[in-house]
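*Asks:* Below: one structure in structure tokens.
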Amino acid sequence: MSPLVGEFIGTMLLILLGNGVVANVVLSKTKGHASGWIVITFGWGMAVFVAVSCVAVASGGHLNPAVTLGLTAAGKFDGSIGGYIFAQMTGAMAGATLVYLTYIAHYTASDDPDAKLATFCTGPAIRSVVPNLFSEIIGTFVLVFAVLMAEAPSVGPEKAILGLGSLGALPVGMLVLAIGLSLGGTTGYAINPARDLGPRIMHAVLPIPGKRDCDWSYAWIPVIGPILGGLIAAGVFMAMSWETVV
């Protein structure tokens, strides 16, 4: 499996299972209806575990433009940035489409347009630009900094690819669970531009009955916030590495 195919498949699985658990909780007449935030965060943690397990060997299991950009900024990835991000975006769009097809009868049965949007993308509990942006920055900082501190080798001939898989699939799943439980109550913790923007685009495109607008005025926050968080993590990591060398 090529790295780009791995990123596509891994991100597709991530969104299928992650947004799938949201759909199971918030849509009407599902077996998991109204089972709550703990189920959603645990589902996302398991989604990361499964996705990383499947593709870590092929691509490093970045599954997230913020991870790819953060690792690149830290000098730990010299692969195709554009190719990785394209694969992640299209994988996320494919995963969101599969969630819609899986729960299509429940989209029809549900009469809450906000709940339908939530199965595709994130939104703030309290809408306020600076706190919302900070939440996405700090959540992604924790994720990318942990990846960098895992001390896996950089990309190179016959070397492993640094990514979420460098932590191990189970630890990174537990990390995402912890981020969701501790920091996710403010914005729904996108911590991944592809995870939010790709499905948001599919919400606009798919023929979802009774859907609302896509909340484009908020959509930049779960894109810019994670990118900034990943770059800040890279900066802190590099500063620490420089101090160690000196």
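The values are calculated or read from the model by the stated rules, or taken from the named source; none is laboratory data. Just so it is clear, the structure is predicted and the values come from calculations on it, not from any experiment. Backbone-built Cβ (ideal geometry, glycine too); neighbour counts: all protein chains shown.
*Asks:* I'm checking my understanding of the structure. Among residues of the stretch 115-125 that are surrounded by fewer than 22 Cβ atoms within 10 Å (Cβ to Cβ) and assigned to a helix (DSSP H, G or I), which one is farthest from the chain's Cα centre (by Cα)?
*Replies:* Filtering the stretch 115-125 for residues that are surrounded by fewer than 22 Cβ atoms within 10 Å (Cβ to Cβ) and assigned to a helix (DSSP H, G or I), the one farthest from the chain's Cα centre (by Cα) comes out as Ala115.
*Asks:* Quick check: is even one residue across the stretch 128-148 touching a helix residue (DSSP H, G or I) at 6+ places or on another chain (Cβ under 9 Å), surrounded by fewer than 20 Cβ atoms within 10 Å (Cβ to Cβ) and not in a helix (DSSP H, G or I)?
*Replies:* no
*Asks:* Quickly run through the stretch 85-130 and pick out the residues that are out of contact with any Leu (no Cβ under 9 Å at 6 or more places or on another chain) and over 23 Å from Met12 (Cβ atoms).
*Replies:* Result: Thr108, Asp111, Pro113, Asp114, Pro124, Ala125, Ile126, Arg127, Ser128, Val129, Val130.
*Asks:* To continue, here is another question. Only one residue in Gly6, Gly20, Gly10, Gly45 is touching a Phe, Trp or Tyr at 6+ places or on another chain (Cβ under 9 Å) and in a helix (DSSP H, G or I), so which one is that?
*Replies:* From the options Gly6, Gly20, Gly10, Gly45, the qualifying one is Gly20.
*Asks:* Can you tell me how many residues within the stretch 25-38 are surrounded by 13 or more Cβ atoms within 10 Å (Cβ to Cβ), in contact (Cβ under 8 Å) with a residue 24 or more places away in the chain and either polar (S, T, N, Q) or not in a helix (DSSP H, G or I) (or both)?
*Replies:* Qualifying residue count for the region: 3.
*Asks:* Same structure again: May I ask you to list pairs of residues, at least six apart or on different chains, whose Cβ atoms are under 9 Å apart, with the first in the stretch 115-129 being among the aromatic types (Phe, Trp, Tyr) and the second being at pLDDT below 95 and surrounded by fewer than 21 Cβ atoms within 10 Å (Cβ to Cβ)?
*Replies:* Filtered contacts from the stretch 115-129: no entries.
*Asks:* Quick one: would you say Thr187 is at pLDDT 95 or above, surrounded by 22 or more Cβ atoms within 10 Å (Cβ to Cβ), hydroxyl-bearing (Ser, Thr, Tyr) and not in a loop (DSSP other than H, G, I, E, B)?
*Replies:* no
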